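Everything below concerns the one structure shown next.
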Amino acid sequence: MPHLTSVLLVDDDPTTNYLNKLLLTRLKVAEQVLVVENGEQALRTLVQTCRAENALCPQLILLDMNMPVLNGVAFLEAYVQLPLAQQQAIVIVMLTTSLHPVDMARAEKLPIAGFLNKPLTQEKVTDLLAQHFAR
């Protein structure tokens with residue numbers, strides 16, 4: 001299984017974040033698993049961790065659709081405005097329980113690698129890593 005430098009979990013549900021972080025840590029997916037509760041915090045985290053001198057820029061973002069402050073689609077719309085250097089090599093997967101067709105249509109026009117239904121499982125993680133991070 002590929003070993004990533006950093007994964008960013010973006011979800012407003014503390015239980016989901018706890019379980020996803022536990023799973024990713026148990027599977028030894030990344031050296032670091034960062035957790036934030038909305039898109040605004042995620043953008044701040046990217047600005048802080050994706051500077052040229054910082055090697056802890058997330059390689060994978062698991063993004064919830066429905067969150068307060070800045071939801072998944074609004075995060076993606078702001079994300080595409082970041083300097084290209086901060087976007088390169090980041091795989092973003094929408095992790096959600098349900099998708100409204102309008103939200104799904106908007107999200108598909110933005111830089112996401114795909115959609116996964118909650119809950120996150122070992123099989124989903126393994127497939128995701130094989131698809132996007134196989135060497």
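Set the Förster radius R0 to 35 Å, insert the Cβ-Cβ distance between residue 31 and residue 117 as r into 1/(1 + (r/R0)^6), and round the FRET efficiency to 0.05.
Efficiency computed from Cβ-Cβ geometry: 0.85.
Mind running the shape call on the chain? Use the C-alpha gyration tensor, a ≥ b ≥ c as the square roots of the eigenvalues: rounded below 1.5 for a/c, prolate if a/b tops b/c, oblate otherwise.
It comes out rounded by the Cα gyration axes.
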### Task
Go ahead and estimate [θ] at 222 nm for the chain from helices alone: -39,500 (n - 2.57) per DSSP H run with n ≥ 4, summed, over the residue count, rounded to 500.
-12000 deg cm²/dmol
### Query
So who's got an amide H within less than 5 Å of the one on residue 38, skipping anything under 5 residues away but keeping other chains? H placed 1.01 Å off N, in plane.
11
### Query
Given H placed 1.01 Å from N in the peptide plane, which residues other than close sequence neighbours of residue 61 have an amide H under 5 Å from its amide H?
8, 91, 92, 93
### Task
Please get the size of the charge dipole for the chain, origin at its Cα centre, with Cβ charges of +1 on Lys and Arg and -1 on Asp and Glu, quoted in debye to the nearest 20.
340 debye
### Query
Karplus couplings for the range 56-73 from phi (6.51 cos²θ - 1.76 cosθ + 1.60, θ = phi - 60°), rounded to Hz, Gly and Pro as x?
9, 4, x, 8, 9, 10, 9, 10, 6, 7, 9, 9, x, 6, 9, 6, x, 5
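Laboratory data are not the source of any read-out in this text; all were calculated from the coordinates shown. All figures in this text were calculated on a predicted structure; none of them were measured in a lab. Note that we place each Cβ from the backbone using ideal geometry, even for glycine, and neighbour counts take in every protein chain shown.
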